[in-house]
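Student: Dumping the structure here so I can ask a few things about it.
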Amino acid sequence: MSLLDRILSPADLRALSEEELPQVAQDIRDRMVDVVSKVGGHFAPGLGVVELTIALHYIFDTPRDKVIWDVGHQGYPHKILTGRSEQFANIRQKGGPSGFLSRKESEYDVFGAGHAATSISAGLGIAAARDLKGETFEVVAVIGDGALTCGMAYEALNNAGHTDRDLIVILNDNEMSISPNVGAIHKYLTRVVTNPVYNRVREEVKHIMNRTGAIGDVMQSVALKMEEMGKTLLTPGILFEELGFRYVGPVDGHDLPALLGTLRNVREWDGPRLVHVVTRKGKGFALAEENPVVWHGATPFDKISGEMAKKKGGLPGYTNVFGKGLVELGAVRPEMTVITAAMPGGTGTGAFGDAYPDRYFDVGIAEGHGVTFAAGLATEGIVPVVAIYSTFLQRAYDSIIHDVAIQNLPVVFAMDRAGLVGNDGPTHMGLYDIAYLLAVPNMTVMAPKDGAEMLALTRLAVERADGPYSLRYPRDSVPAAVPAMSDIPPVEYGTWEVLRRGSGLALLATGTMVHPALDAAQRLEAEGINATVVNCRFIKPFDEATLAWVVDNHTALLTVEEGTVINGFGASLSRQVEAARRQHPNLLLDVLGVPDRIFDHATRAEQLAEAGLDATGIAARARELAAAGVVPAARTA
């Protein structure tokens with residue numbers, strides 16, 4: 001029986017001796033390797049915070065003391081230590097634990113987190129609530145994995161330091177977000193860690209403190225003052241102290257005695273405190289340490305060789321097709337640049353950066369800045385393609401409206417992971433972009449049916465450069481092979497595509513729903529219902545000519561979209577249809593989209609079926625509508 005098997009809660013961890021904790025760390029790493037090698041999931045981030053997680057739960061009285069984790073993919077060791085070790089085998093699977101932090105899952109998940117830089121703001125709010133209620137627990141906010149490239153972190157630090165409220169911030173500095181960190185803050189933290197004079201002073205201070213023994217109170221006070229003086233004189237700036245925090249560190253995040261001693265001391269202090277912990281992403285698994293970018297999120301892999309499972313044959317993902325297409329387009333459009341927010345691999349844009357490094361910009365986890373930076377480029381005749389996941393682009397909504405749309409600037413928004421995203425769950429769902437972008441004046445909203453159309457629409461947006469464009473595509477494989485961009489026919493702006501002509505019933509599908517709608521139409525034909533299928537690739541503006549033809553020649557319309565049913569494509573189209581009812585009073589319209597609720601993690605296929613957005617669900621909804629609209633049966637030969 002391993003030590004980990006005896007830990008059902010942090011209270012069991014705290015019952016162990018400090019000498020037993022390194023074995024707990026090894027047991028956690030073994031458990032992570034065993035599970036993630038089978039089911040996949042975030043890997044390197046959690047390996048890097050094993051000792052830190054143990055130290056936090058050992059020193060602080062969780063769940064009475066509140067530990068708030070930033071981002072969430074650092075949370076696997078936390079889940080293992082907080083009563084979810086057995087369920088961990090089903091991490092990110094339907095019915096199993098979330099891959100991120102979830103308040104409904106455990107009292108130890110103090111604040112849900114899937115996006116970066118939320119922990120300090122949330123922690124300050126929790127600390128303020130504690131003080132309002134006259135309570136006395138500790139609040140610890142862990143921030144890291146690149147989140148200090150995000151402006152929200154500095155807003156929170158500024159506010160927290162000003163209030164002088166009792167709050168501990170742990171900076172997990174692993175020099176990485178998903179990809180290597182960029183920017184001045186990364187350089188600053190690296191200089192702090194590597195400054196040789198400062199670190200020599202730290203070692204001397206540690207030596208003095210270790211020698212003082214029982215008479216240590218006075219000497220330790222002197223030693224600490226020496227360290228403070230050294231830090232002020234020798235480090236390249238004292239950013240955090242100027243923001244109102246008492247700074248401690250850097251501390252080796254894999255040295256358990258050092259972590260325990262530091263946290264034990266810091267716990268006794270008052271006011272805002274920041275502990276700078278240096279960790280190694282992927283610690284304990286050699287391949288992940290060597291290449292933390294690849295191993296940030298792992299597919300199932302062989303524990304011995306480290307070889308990740310590969311898709312058997314099949315077609316490439318939209319992300320890879322998009323990245324390759326950008327390189328091709330960049331060769332003929334020198335005015336085009338590409339922007340990513342710390343996701344060169346996740347968005348497939350790293351290939352463009354390799355080909356055209358001067359035209360590629362990684363702005364860090366700073367989506368709002370990235371959008372306004374793109375707007376600045378656009379004012380000077382550059383056409384920026386801003387490649388950001390749909391869920392992360394939500395963070396830049398004001399910049400989209402205020403800086404791009406109002407000025408009608410030619411910025412192209414490429415939104416990966418649009419729609420139902422699968423195992424990453426609610427925080428990463430790209431369900432809202434149709435609704436939030438339809439409301440933006442001057443914005444063209446597009447959803448391609450396949451990889452070739454995705455590239456054609458990207459090329460169209462870059463070539464026209466007459467205002468903002470948005471393009472959404474899923475975390476999935478393309479449904480058909482994609483030729484070179486030069487071989488893809490152009491798409492006329494604002495046009496739809498009638499893929500199947502029927503009578504009575506029309507399926508108006510957008511993006512990823514086009515092919516399932518075609519499959520549904522084939523099923524319906526076997527039942528005597530001959531449905532028209534229209535590829536509504538332009539969600540805004542509508543193809544008014546094709547819509548008029550559909551309205552004039554059908555009695556029932558079903559819109560299908562992989563986005564929110566509230567305020568989406570169908571809801572927008574309903575206004576047009578309502579006006580058409582003056583000439584067609586019996587015209588029926590039904591709207592099929594993602595229901596107005598939160599979808600938990602599962603496979604993307606499971607989520608689509610649950611939402612009724614697979615061929616079976618579309619056919620069932622169309623069948624009901626056809627019956628209500630008395631759609632005529634298909635003619636037989």
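Values quoted throughout were computed directly from the atomic coordinates according to the rules given, and no laboratory measurement underlies them. No experiment lies behind these values; they were computed from the predicted model shown. Methodologically, a virtual Cβ is constructed for each residue, glycine included, from the backbone with ideal geometry; neighbour enumeration extends over all protein chains shown.
Student: If you average 1/r over all unlike Cα pairs in region 1-69 and invert the result, what Kirkwood radius do you get in angstrom?
Tutor: 12.8
Student: Please find the FRET efficiency linking ALA286 to ALA627, where r is the Cβ-Cβ separation and R0 is fixed at 60 Å, and quote it to the nearest 0.05.
Tutor: Values: r = 62 Å, r/R0 = 1.03.
Once rounded, the FRET efficiency stands at 0.45.
Student: Using Cβ contacts closer than 10 Å as the measure, can you line up ILE539, ILE400 from fewest to most? The partial results should precede the final answer.
Tutor: Values: ILE539 23, ILE400 27.
Taking fewest neighbouring Cβ atoms as first place, the list is ILE539, ILE400.
Student: Let me ask you something else. Against the longest alpha carbon principal axis of the chain, how many degrees, from 0 to 90 and to the nearest 10, is the axis of helix 569-580 turned?
Tutor: Taking Cα atoms only, the helix is inclined about 30 degrees.
Student: If each DSSP helix of 4+ residues adds -39,500 (n - 2.57) and the sum is divided by the residues in the chain, what number results at 222 nm, nearest 500 deg cm²/dmol? Each step should come with its number before you reach the end.
Tutor: Numbers: 24 runs with 251 residues, N = 637.
One gets -11500 deg cm²/dmol as the mean residue ellipticity at 222 nm.
Student: Which trypsin sites (Lys or Arg not before Pro) does region 102-152 hold that lie in a coil by DSSP with at most 15 other beta carbons within 10 Å? Walk me through the numbers before you get to the answer.
Tutor: Working: sites: ARG103, LYS104, ARG130, LYS133; in loops: ARG103, LYS104, LYS133.
Of the trypsin sites (Lys or Arg not before Pro), the ones in loops of region 102-152 whose Cβ has at most 15 other Cβ atoms within 10 Å are ARG103, LYS104, LYS133.
Student: Right, something else. In region 349-367, whose amide N lies under 20 Å from the spot 7 Å out along Cα-to-Cβ of ALA331? List them in ranges.
Tutor: Only 349-360 fall inside the zone, counting backbone N under 20 Å.
Student: Could I ask something else about it? Mind checking the dipole of region 447-538: about its Cα centre, +1 per Lys or Arg Cβ, -1 per Asp or Glu Cβ, Debye to the nearest 20? Intermediate values should be presented prior to the final figure.
Tutor: Details: 9 positive and 11 negative charges, 30 e Å.
Using only the charged Cβ atoms, the result is roughly 140 debye.
Student: Let me ask you something else. Throw me the Rg/Rh for region 389-473, computed over C-alpha atoms with Kirkwood Rh, two decimals.
Tutor: Values: Rg = 12.6 Å, Rh = 13.1 Å.
The Rg/Rh ratio comes out at 0.97.
Student: Once you wrap a convex hull around the alpha carbon atoms of region 497-628, what is its projected area averaged over all directions, in nm²?
Tutor: Working: hull surface 30.0 nm².
One quarter of the hull surface, i.e. the mean projection, equals 7.5 nm².
Student: Taking θ as phi - 60°, what are the ³J(HN,Hα) couplings along region 470-477 by the Karplus curve (6.51, -1.76, 1.60), each to the nearest whole Hz, with x for Gly and Pro?
Tutor: 10, 9, 10, 8, x, 8, 6, 7
Student: When the Karplus curve 6.51 cos²θ - 1.76 cosθ + 1.60 is applied with θ = phi - 60°, which whole-Hz ³J(HN,Hα) does each residue of region 286-295 get, with x for Gly and Pro?
Tutor: 3J(HN,Hα) across region 286-295, in whole Hz: 3, 5, 6, 5, 6, 9, x, 5, 4, 8.
Student: Next up: Please report, largest first and rounded to whole Å, the three semi-axes of the ellipsoid equivalent to region 1-142, where each semi-axis is the square root of five times an eigenvalue of the C-alpha gyration tensor.
Tutor: Details: eigenvalues 118, 69, 30 Å².
In descending order, the three semi-axes are 24, 19, 12 Å.
Student: Can you give me the distance in nm between label points at ASP354 and ASP466, each placed 7 Å from the Cα along the Cα-to-Cβ direction?
Tutor: Distance between label points: 3.6 nm.
Student: Let me ask another. Filter LYS283/LYS310; LYS38/LYS303; LYS38/LYS94; LYS66/LYS283 down to the pairs with a C-alpha to C-alpha distance above 18 Å, please.
Tutor: Long pairs (Cα-Cα over 18 Å): LYS283/LYS310; LYS66/LYS283.
Student: Here's something else I'd like to know. What's the exposure ranking of TYR436, TYR247, going from fewest to most Cβ atoms within 10 Å?
Tutor: Working: TYR436 19, TYR247 23.
Fewest-to-most ranking of TYR436, TYR247: TYR436, TYR247.
Student: Calculated from the structure, semi-axes √(5λ) of the Cα gyration tensor in Å equals which of [x] 59, 34, 26; [y] 51, 27, 22; [z] 40, 31, 24?
Tutor: [y]
Student: If the chain between ILE598 and ASP30 were fully stretched, how many nm would it gain, using 0.36 nm times the residue separation less the Cα-Cα distance? Numbers along the way, then the final one.
Tutor: On the way: separation 568, 0.36 × 568 = 204.48 nm, distance 3.30 nm.
Gain on stretching ILE598 to ASP30: 201.2 nm.
Student: Report the one residue of PRO272, VAL50, MET343 whose Cα lies farthest in the direction of the positive end of the charge dipole of the chain (charges on C-beta: Lys and Arg +1, Asp and Glu -1; origin at the Cα centre).
Tutor: Going by the Cα projections, it comes out as MET343.
Student: So, one more: Search the structure for amide H atoms under 5 Å from the amide H of THR337, placed 1.01 Å from N in the peptide plane, and list their residues when 5 or more places away or on another chain.
Tutor: The list, which skips near neighbours in sequence, is VAL383, VAL385.
Student: Between ASP164 and ARG64, what is 0.36 nm times their sequence separation minus the Cα-Cα distance? Round to one decimal in nm. Please report the intermediate quantities before stating the final value.
Tutor: Details: separation 100, 0.36 × 100 = 36.00 nm, distance 2.17 nm.
The ASP164-ARG64 span can extend by a further 33.8 nm.
Student: Any idea what angle helix 119-132 forms with the longest principal axis of the chain, computed on alpha-carbon atoms, 0 to 90 degrees, nearest 10?
Tutor: Roughly 70 degrees, rounded to the nearest 10.
Student: Something else about it: So how strong a dipole does the chain carry about its Cα centre when Lys and Arg Cβ are +1 and Asp and Glu Cβ are -1, to the nearest 20 debye? List each step's numbers first, then the result.
Tutor: On the way: 58 positive and 76 negative charges, 140 e Å.
Once rounded to the nearest 20, the dipole reads 680 debye.
Student: For the pair GLN522 and VAL498, how long in nm is the line joining their label points, each one 7 Å along Cα→Cβ?
Tutor: 2.2
Student: Between ARG582 and GLN394, what is the FRET efficiency for a Förster distance of 35 Å, r being their Cβ-Cβ separation, to the nearest 0.05? Before the final figure, lay out each step's value.
Tutor: Working: r = 38 Å, r/R0 = 1.07.
E(calc), rounded to 0.05, equals 0.40.
Student: To check my understanding: the extent here is largest minus smallest coordinate of the Cα atoms along each principal axis. What are those three numbers for region 318-487, in Å, largest first?
Tutor: Ordered largest first, region 318-487 gives principal extents of 38, 38, 27 Å.
Student: Hey, can you grab everything whose amide H is under 5 Å from the amide H of ARG500? Only 5+ residues off in sequence or another chain; H modelled, so Pro and N-termini drop out.
Tutor: Residues meeting the criterion, in which the H sits 1.01 Å from N, are VAL533.
Student: Further question on the same structure: Would you order LYS540, LYS303, LYS449, LYS66 from fewest to most other beta-carbon atoms within 10 Å of each residue's own beta-carbon? Please list the in-between numbers first.
Tutor: Values: LYS540 17, LYS303 13, LYS449 25, LYS66 20.
Listed from fewest to most nearby Cβ atoms, that is LYS303, LYS540, LYS66, LYS449.
Student: Report, in degrees rounded to the nearest 10, the 0 to 90 angle that the Cα long axis of helix 544-553 makes with the longest principal axis of the chain.
Tutor: Tilt of helix 544-553: around 60 degrees.
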